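In what follows, a single structure is set out as structure tokens and then discussed.
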Amino acid sequence: MTINRNKIVVVGAGLVGSSTAFSLITQGICDEVMIIDINKNKAKGEVMDLCHCVEYLNRNVKVTEGDYTDCADADIVVITAGAPPKAGQSRLDTLELSANIAKSIVEPIMKSGFQGHFIVVSNPVDIIAHYVYKLSGLPKNQVIGTGTAMDSARLKHFVGDLFHVDPRSVQAYTMGEHGDSQMCPWSLVTVGGKKILDILEDNPEFSDVNLDDIVKKVTRVGFDILEIKGTTCYGIATTVAGIIKAILNDENKIIPVSTLLEGEFGHYDVFCGVPVILNRNGVQDVVEVHMTKEELEKLGHSVSVIREFSKKIM
Ligand code: NAD
């Protein structure tokens, strides 16, 4: 009897890809991490460097460079190849270039016989994930965009900071586009089980808190980091590792990711960030939370933004 090894392929050895590989390796989430990049030398250098982590970790994770033919036995392929937005550009400005890159990656991977899960990180992530779903022909549960997973981590950080509590004690997420139009269903946000709306009402010292400003901060902070240090990588890398852990360990963890909607929240044929149950099947189920009429309208607006831009490539 052979015991299967968990193999993750990361396509794109840039800052996001190499940080993702580092996060997977240091947390010992899988047995093997393979890195592929159009710039073979970049992939080689990252693999050489990452291999040397192993001695001081609690698990011997194999780190290799590879080619698309090596994806046949991969459990998960993470797509991070792409062109990050330059100063003054939005994520949507990189659409056509990212779509061409995605096509050049997905086609040879599917030819290899790959039957695993795709996790799409490249921006604009909702549209590229939808495109990868169409190109791959894989079932919808196996194609996941990181969506608003990292935005939600940022949201929890800001809310935790406001009330001086651990962000992990905050139950909150943003939904919709991983971009300017994302929204937060504040009616569902709780801190230690208490509704945030009740906390604000009960505590006059928070009377000047503007919830819309917190969502604006979530949407802006990626660009603030970009301006200061030229890139964002650790937050997204850890987010991807968390998604992979939920799949490989069959966790049934609820994470807001970009998935195909087929009637949920009244929307069809669009990928956008919604809370889902993640396990070894990938997206097991969308959690159809009950939102207020105003929140549903905000989600609808975000979906229409994604839809409008999707027309450019699909
Ligand atoms: P980067 O420029 O550092 O790296 C991109 C890598 O992709 C490079 O190594 C490049 O050689 C490689 N590449 C380009 N074309 C390729 C192809 N056809 N095949 C294989 N490899 C190819 O960029 P980055 O900072 O790592 O960002 C990568 C992507 O991730 C961007 O699209 C960025 O917008 C996105 N991103 C998404 C999130 C999110 O929350 N979804 C967060 C941060 C970054």
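What about Ala172, is it within 16 Å of the ligand (Cβ to nearest atom) and of a type in the set (Gly, Ala, Ser)? The answer is no for Ala172.
Per the conditions (1) at pLDDT below 95; (2) in contact with a strand residue (DSSP E or B) (Cβ under 8 Å, 6 or more places away or on another chain), the sole criterion not satisfied by Pro85 is (2). On the basis of being away from the ligand (no atom under 16 Å from the Cβ) and within 18 Å of Ala246 (Cβ to Cβ), does Gly160 make the cut? So Gly160 fails the test. Any residue in region 112-122 that is open to solvent by 10 Å² or more (accessible area, probe 1.4 Å) and assigned to a helix (DSSP H, G or I)? No, that holds for no residue.
Sort out which residues of region 16-31 are more than 15 Å from the ligand (Cβ to nearest atom), in a helix (DSSP H, G or I) and of a type in the set (S, T, N, Q), and write them in order of number. Thr26, the sole residue that qualifies. Using the structure shown, decide if Ser104 is within 11 Å of the ligand (Cβ to nearest atom), more than 20 Å from the chain's Cα centre (by Cα) and at pLDDT 95 or above. Against the criterion (within 11 Å of the ligand (Cβ to nearest atom), more than 20 Å from the chain's Cα centre (by Cα) and at pLDDT 95 or above), Ser104 qualifies. The number of residues in region 55-82 that are touching a strand residue (DSSP E or B) at 6+ places or on another chain (Cβ under 8 Å) and not acidic (Asp, Glu) comes to 14. Considering every residue within region 32-41, establish whether at least one is open to solvent by 20 Å² or more (accessible area, probe 1.4 Å), within 15 Å of the ligand (Cβ to nearest atom), among the aliphatic types (A, V, I, L, M) and in contact with a Phe, Trp or Tyr (Cβ under 9 Å, 6 or more places away or on another chain). No, because not a single residue in region 32-41 is open to solvent by 20 Å² or more (accessible area, probe 1.4 Å), within 15 Å of the ligand (Cβ to nearest atom), among the aliphatic types (A, V, I, L, M) and in contact with a Phe, Trp or Tyr (Cβ under 9 Å, 6 or more places away or on another chain).
The values are calculated or read from the model by the stated rules, or taken from the named source; none is laboratory data. These numbers come from a predicted model, not from an experiment. Virtual Cβ from ideal backbone geometry, glycine too; neighbours counted across all protein chains shown. Surface accessibility is based on the protein's heavy atoms, side chains included, excluding ligands, DNA and RNA. Shrake-Rupley method; radii C 1.70, N 1.55, O 1.52, S 1.80 Å.
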